[in-house]
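Here is the structure we will look at, set down as structure tokens.
The values are calculated or read from the model by the stated rules, or taken from the named source; none is laboratory data. As the structure is a prediction and not an experimental result, all values here were calculated from the model. So basically every Cβ, Gly included, is an ideal-geometry build from the backbone, and we count neighbours across all protein chains shown. What goes into the accessible areas is simple: the full protein's heavy atoms, side chains included, and nothing from ligands, DNA or RNA. Shrake-Rupley method; radii C 1.70, N 1.55, O 1.52, S 1.80 Å.
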Amino acid sequence: MVKPKTQQEIDDLLVKLCSPDFIQARTAVSLIELVETLTQFIVDLVNGQEWDRAWQVADIAEQIAQGLNDERLLAEVIFRRAVWHYRRGELGAALTVWQTAQAHFEAVQQDEGVANCRCNIGVLYKDLGQTAEARRYLADALAVYEALDYKEGQAACLTNLGLVLRVMGQLETAASHYQSALQHYRQLADKEGEAAVLSNLGLVYLGLGRLQEALTHQEQALAINQEIGYRKGEASALGNLGSAYAEMGDYANAERCYLEALAIDRELDNPLEVATDLLNLAQLYLEIGELARALAYANEARSLQQAGAREQGVLEATAVIALIYRLLGDAPQAIAHMQQALALAQKLGHHHQEATIWNNFSMLHKDRGTWEEAAACQTKALELYQAVGDRDGQAVSLLNMGMIANRLGQPEEGLQLLQLAYRINRETGSREGQLLCQAQTAVILREQDKPEEALILQNEALAAAVHLNNPDHIWRIYLGRAGTYTKTGRFAEAEADLHQAIHTIESLRGSLGHRRLKETFFGADKVSVYRRLVLLLVRQRQKAADALVTVERARSRLMLDELATTPIQLAKQDAEALLEQEKQLLDQFQSIQRQVEAGQLTRKLEDERQRYGEALEQIWTQMVAWSPMYVSLRRGDLFEYSEFRTILTES
């Protein structure tokens, strides 16, 4: 049977297959051949996201297989139904159907079919974050493939085992599995598989801190896909290359790769791959603080996943949106989206994603200062990470629990938890995790009046952050070390560290490539560095003039953030109308100010200045409900607490 290509040919075939005369006129042998052809046709339709037609073909193929009383054929059709569920993100249904298919294959002692089911179930458990189960199923399938000397199956299993081991933090073992898979794909002359493994190897080397090897492998994967003209693979390789650049702090190149991948997937009309690219971009912009763009991309990604009825993708996008709202300071929206994501994760049985959501709930409570609730949420996250065998997740939870315990007045417990986190990070080879534990341990030691021990850890952590080229960790460690220097009276060194922290923040903004990436990078957490430097300059260094310069630098950078994010907080047209009115009033007010400064003060000018000033206050009164920081910055009041004003005035 020749497979149809056009929509009309597909519909005509379905009508023919539903005709009893068509089936009755065929021999048993030709019916078996027909079902075998139809099972492959189901996959083709699924790849084209022809969901309804694929299901219809599966119904027809299943009826014929049942009529022939052919258990093997029936198992093949059921297997394809599981693929249908899986591709739609219906992971629970896919699991049940693959288990049914496996039982049918076992009944006819069809070992390859059993292994195929177990391999796919292993992949499904990997997607659910249940790494222990995933590893068990994939290892079972691999043993069968090896007994059958089935190279394609071995290569697929080894690749997926590598993915599982990478999640579990066993990077060296993951690399070994990928190398074995790579040999199989090269023996099979499977360029597509070779490129996929090279890309995954690149991600492992990135985790091991072997940055140049990571980039080399990603570039090789991209080159192979381009050479064979496999555009879908090219887009995937670009996405992984972008992730490598993002991990290395090279955000401009990361953005370039993600955008190129997005353009290819849009050209190929692959909406689910487009959604993946959009979510990659959202997470990139989230990382660099460009929250307006991050939210726009994440919302578009979620809409595409919803249109494709892919709940797994909806879950991932919703979790990212929740995190963006948390960073925007919009707690109600953050909570609402976290609850939606949590309900989906529990429905899908995605324990790993559920753990991450509980971790985000904990961080939200930390932001609000509700430490008991933060601890309870983090405990749930840790239990789930332990259940799925995610050691990196366990280390993150233990790190957060250590910080929380210290804030609850339990520093010794905090130190113990941080030691556990450090031990896991050392065992998994996560240098980033180790330096974060060192930095947080140093904070507790400093508070316990052990500044010299704290400095040793901060120096080690700083060296590691510089080696990893992670600017976010670098400025935070400088800030922490400045606090230790201040505690010991080494004010000149504290001032130098705060300047280094600010230099790191501002140089990163300058290297992001274009203005849109710079707009909201600053953020509320970074203003604390400027505030700390101002107070140090005034209190201990008696440099009031330098303090005023630092205030103005901070105010100008915060203004960029507020200008970029204020339209998010209000209906767009209302925000734009208020901002336009404000701009016109500011232009008029500043024109009058210039005339006054030039010595042209008249009663009329003074009346106009007062009138425009009052009009601006009316505009700001409307704005303050949705962006108090913006209004504060416009009024020139950066530090809204009396302590700073008092000491600056005294100086």
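Okay, here's what the table says:
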| item | result |
| --- | --- |
| Per residue solvent-accessible surface (Å²) - the range 31-170, probe of 1.4 Å | 38 Å² |
| For the range 89-234, Kirkwood radius (reciprocal of mean inverse C-alpha pair distance, Å) | 15.8 Å |
| Percent accessible area from carbon and sulfur atoms, the range 385-451, protein chains only, probe 1.4 Å | 46 percent |
| For the range 295-453, accessible area per residue (1.4 Å probe, heavy atoms of protein chains only), Å² | 42 Å² |
| All-pairs alpha carbon distance profile, the range 169-303, 10 Å steps from 0, percent | 14, 39, 34, 12, 1 |
| Candidate aspartates and glutamates for bridging to residue 583, where Cα separation is under 16 Å - those fewer than 8 sequence places away on the same chain excluded | 562, 574, 614, 617 |
| Theoretical FRET efficiency, 1/(1+(r/R0)^6), r = Cβ-Cβ of residue 287 and residue 410, R0 35 Å, to 0.05 | 0.65 |
| Alpha-carbon Debye profile of the range 50-109, log10 I(q)/I(0) at 0.17, 0.24, 0.31 Å⁻¹ | -0.53, -0.95, -1.21 |
| Residues of the range 448-491 with amide N under 19 Å of the 7 Å Cα→Cβ point at residue 499 | 475-487, 489-491 |
| Net length gained if the chain between residue 108 and residue 263 were fully extended (0.36 nm per residue, minus Cα distance) | 51.1 nm |
| Whichever aspartates and glutamates have a C-alpha closer than 19 Å to that of residue 151, once near sequence neighbours (fewer than 8 apart) are set aside | 111, 112, 140, 190, 192, 194 |
| Additional length obtainable on full extension of the chain from residue 335 to residue 605, 0.36 nm per residue less Cα span | 92.2 nm |
| The range 168-215: radius of gyration over Cα atoms, expressed as a fraction of 2.2 N^0.38 Å | 1.12 |
| Across 126/232; 380/526; 126/380; 450/526, pairs whose alpha-carbon gap is larger than 24 Å | 380/526; 450/526 |
| Estimated FRET transfer efficiency when R0 is 25 angstrom, pair residue 191-residue 216 (beta carbons, to 0.05) | 0.90 |
| Loop sites in the range 116-217: GluC sites (Glu not before Pro), DSSP, at most 12 other Cβ within 10 Å | none |
| Per residue accessible area of the range 171-246, 1.4 Å probe, in Å² | 40 Å² |
